[in-house]
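**Student:** The structure that follows is given in the form of structure tokens.
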Amino acid sequence: MRDLDEIDELLRPLARISPDEPGGRAGGARARALFADIIAQGRDVTTTADLRRRRGRRLGHRALLGLAASAVLVLGVVLSVVLGVVLGPSLLGGVATSYANSAVEIHEEADTYVARIKDPYADQRKFSEAFRSLGLNVELRVIPVSPSAVGEIVSLGGGRTPVNVPIGARKEPADCDPADSGCFMVVTVPAAIKGTPDMVYFELGRPAKPGESYENDRMSATRPGEPLAGVEVSGRTVDDVLAEVGKRGLTAEFRRVVVHEGGYTVEPLAADQVGGDWIVFRVTPAREGVVRLEVTAERQTGLEYAG
């Protein structure tokens, strides 16, 4: 019972911090003070044990193991408080197969790392931090996108990855609305890339905040789930397409298409510089309620119009 009292003494400082108190949150001043205090108390317990051994009162092997395990447990709890993360088995000397912070939680499942996005609006660095903590050279960005791209991998690049291992994204539960609190976006990454120098880049789409510009502005605004879904726009005049835009309660911005050898670029264009008989090449989503018309003053032979 004396050994249990010592463990109790070691754990007692944890009762002094509440997450709701100022400084009690992860990384706060009181949390860091607690960490230093427990380390100091750990030294005091060791000193007491040494004195008892000198008096011939030796702790049994099982009691020592229990005390050591409790000290590791306390250290793990304190690290969680101070650093704001949940650590995997590496704390006990094993190989970490899971990691969690306030933005994402990752675990290994059948040779694949499954990352569940807990906060799609979190600091972007937290996503990549989680992957790298598990030895995965993965750069993940969660970006605002138009409705049809939410929960999808908008872009993927980087080094070599095994073709027989899935790299993808899904929603949990399937077909749920990411705007709901019980709906999570999930990214899967092959465990085979662990320890390789090749970087893998992901961009995962999340719902945009009100007024926030979409970052998937190269996708078509006429694909399913978009405000102009199913409407033929390519090759039609600006007046025709603006009529379709108005029917749906949308507004439009413009970009001029500049054709050059090997492709084309787009540049900003004021609405009063656009003629009604100009030709629309394509329409892309800009932000909620706004679409962007890419136009030319006349039909260009270097562009492939859909219609």
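The values are calculated or read from the model by the stated rules, or taken from the named source; none is laboratory data. All values reported here derive from a predicted model rather than from experimental measurement. No Cβ is skipped: glycine too gets one built from the backbone with ideal geometry, and neighbour counts run over all protein chains shown. Side chains included, ligands, DNA and RNA excluded: accessible areas come from the protein's heavy atoms. Shrake-Rupley method; radii C 1.70, N 1.55, O 1.52, S 1.80 Å.
**Student:** Restricting to the stretch 107-133, name every residue that is open to solvent by 80 Å² or more (accessible area, probe 1.4 Å) and either among the aliphatic types (A, V, I, L, M) or touching a Pro at 6+ places or on another chain (Cβ under 6 Å) (or both).
**Tutor:** Result: A110, single match.
**Student:** For the stretch 215-232, which positions are within 24 Å of the chain's Cα centre (by Cα) and among the aliphatic types (A, V, I, L, M)?
**Tutor:** M219
**Student:** Does Y201 satisfy being of a type in the set (F, W, Y), surrounded by 14 or more Cβ atoms within 10 Å (Cβ to Cβ) and over 13 Å from the mean Cα position of the chain (by Cα)?
**Tutor:** Considered against the rule, which asks whether it is of a type in the set (F, W, Y), surrounded by 14 or more Cβ atoms within 10 Å (Cβ to Cβ) and over 13 Å from the mean Cα position of the chain (by Cα), Y201 comes out as no.
**Student:** For the stretch 176-193, name all the residues that are within 10 Å of P207 (Cβ to Cβ) and open to solvent by 50 Å² or more (accessible area, probe 1.4 Å).
**Tutor:** The answer is D177, A179.
**Student:** Given the structure, is L156 buried (at least 22 other Cβ atoms within 10 Å of the Cβ), touching a residue at least 40 places away in the same chain (Cβ under 8 Å), out of contact with any Ser or Thr (no Cβ under 7 Å at 6 or more places or on another chain) and more than 15 Å from F184 (Cβ to Cβ)?
**Tutor:** Answer is no for this residue.
**Student:** Working only within the stretch 249-266, note down all residues that are among the charged types (D, E, K, R) and either at pLDDT below 95 or touching a His at 6+ places or on another chain (Cβ under 9 Å) (or both).
**Tutor:** Result: E261, single match.
**Student:** May I ask you to verify whether P166 is modelled with pLDDT of 90 or more, closer than 30 Å to A229 by Cβ, over 13 Å from the mean Cα position of the chain (by Cα) and open to solvent by 40 Å² or more (accessible area, probe 1.4 Å)?
**Tutor:** Against the criterion (modelled with pLDDT of 90 or more, closer than 30 Å to A229 by Cβ, over 13 Å from the mean Cα position of the chain (by Cα) and open to solvent by 40 Å² or more (accessible area, probe 1.4 Å)), P166 does not qualify.
**Student:** A further question on this structure: Could you check the stretch 99-140 and list, in sequence order, the residues that are assigned to a helix (DSSP H, G or I), farther than 17 Å from P178 by Cβ and in contact with a Leu (Cβ under 9 Å, 6 or more places away or on another chain)?
**Tutor:** Scanning the stretch 99-140 gives Q124, S128, A130, F131, S133.
**Student:** Could you list all residues from the stretch 258-298 that are of a type in the set (A, V, I, L, M, F, W, C) and farther than 27 Å from V154 by Cα?
**Tutor:** A270, A271, V274, W278, I279, A297 - these are the residues of the stretch 258-298 that are of a type in the set (A, V, I, L, M, F, W, C) and farther than 27 Å from V154 by Cα.
**Student:** Now for a separate question. In the stretch 204-232, what count of residues is obtained for those that are open to solvent by less than 50 Å² (accessible area, probe 1.4 Å), small (G, A, S) and touching a strand residue (DSSP E or B) at 6+ places or on another chain (Cβ under 6 Å)?
**Tutor:** 3
**Student:** Filter the stretch 276-295 down to residues that are touching a Ser or Thr at 6+ places or on another chain (Cβ under 9 Å) and over 18 Å from E215 (Cβ atoms), then give me how many there are.
**Tutor:** Matching residues across the stretch 276-295 total 7.
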